[in-house]
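Participant: Please find one structure pasted underneath; my questions will follow.
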Amino acid sequence: MNMTDNISRPYKSTVHIVLPSIQYAQHLKDVVSVDEEVSNKVVKSFSVVTSQEADGSDVARGNDTIFPDAGEGNEPRVLRIHFLATDAKMLRVAMSTTYDMINVALKCFQEFEDL
């Protein structure tokens, strides 16, 4: 969806998922970003960032974020998903669906370890 469509989306959330490697982060991004939202009420954006970038963005907003075993922070292996929605229910549904897709993808990654 286009974020310049003049629709107000005041509800927002950003999720960071630390993964074992750059390849896992990129594969997960590729898997969950394939499908667009059904309606224009929710917009999602995906990026792979370093743990320092992810931690810095949350600290700047006042959230304390800890990335366990995130290494030195210079390897981009954190998947960042940013959600914008027109209402709280749509935000919840979009996040829930995305978490379900992430769960399935991570189970596949675990089952078929050779990426």
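Participant: Within straight cross-link reach of K41, meaning Cα distance under 26 Å, which lysines are found once same-chain residues fewer than 8 apart are removed?
Facilitator: Correct list for K41: K12, K29, K89.
Participant: What order, most packed first, do the peptides 99-106, 25-32 have when packing is the mean number of other Cβ atoms within 10 Å of each residue?
Facilitator: 25-32, 99-106
Participant: ³J(HN,Hα) across the stretch 43-49 via Karplus (A = 6.51, B = -1.76, C = 1.60, θ = phi - 60°), whole Hz, x for Gly/Pro?
Facilitator: Working through the residues one at a time gives 10, 10, 10, 10, 7, 9, 10 Hz.
Participant: May I pose another question? What ³J(HN,Hα) values, in whole Hz, does the Karplus curve 6.51 cos²θ - 1.76 cosθ + 1.60 give for the stretch 95-101 when θ = phi - 60°, with x put for Gly and Pro?
Facilitator: 5, 4, 5, 5, 4, 4, 5
Participant: Per residue of the stretch 25-40, in order, report the coupling 6.51 cos²θ - 1.76 cosθ + 1.60 (Karplus, θ = phi - 60°) as ³J(HN,Hα) in whole Hz, putting x for Gly and Pro.
Facilitator: Per-residue couplings from phi come out as 4, 5, 5, 5, 4, 4, 5, 7, 9, 5, 8, 7, 5, 5, 10, 8 Hz.
Participant: If I ignore ligands, DNA and RNA and count only protein heavy atoms, how much of M95 is accessible to a 1.4 Å probe, in Å² to the nearest 10?
Facilitator: For M95, solvent-accessible area is about 40 Å².
Participant: Over the heavy atoms of F46, what accessible area does a 1.4 Å probe trace out, to the nearest 10 Å²?
Facilitator: About 40 Å², ignoring ligands and nucleic acids.
Participant: Where does each of R9, R92 land when they are ordered by accessible area, with a 1.4 Å probe and the largest first? Kindly include the intermediate steps, with their values, before the conclusion.
Facilitator: Values: R9 30, R92 140 Å².
Descending accessible area places them as R92, R9.
Participant: Note down the accessible area of E111, probe 1.4 Å, to the nearest 10 Å².
Facilitator: E111 exposes around 140 Å² with every protein chain in place.
The values are calculated or read from the model by the stated rules, or taken from the named source; none is laboratory data. Since the structure is predicted, the reported quantities are computational estimates derived from the model, not experimental observations. So basically every Cβ, Gly included, is an ideal-geometry build from the backbone, and we count neighbours across all protein chains shown. Surface areas here come from the heavy atoms of the whole protein model, side chains and all, with no ligands, DNA or RNA. Shrake-Rupley method; radii C 1.70, N 1.55, O 1.52, S 1.80 Å.
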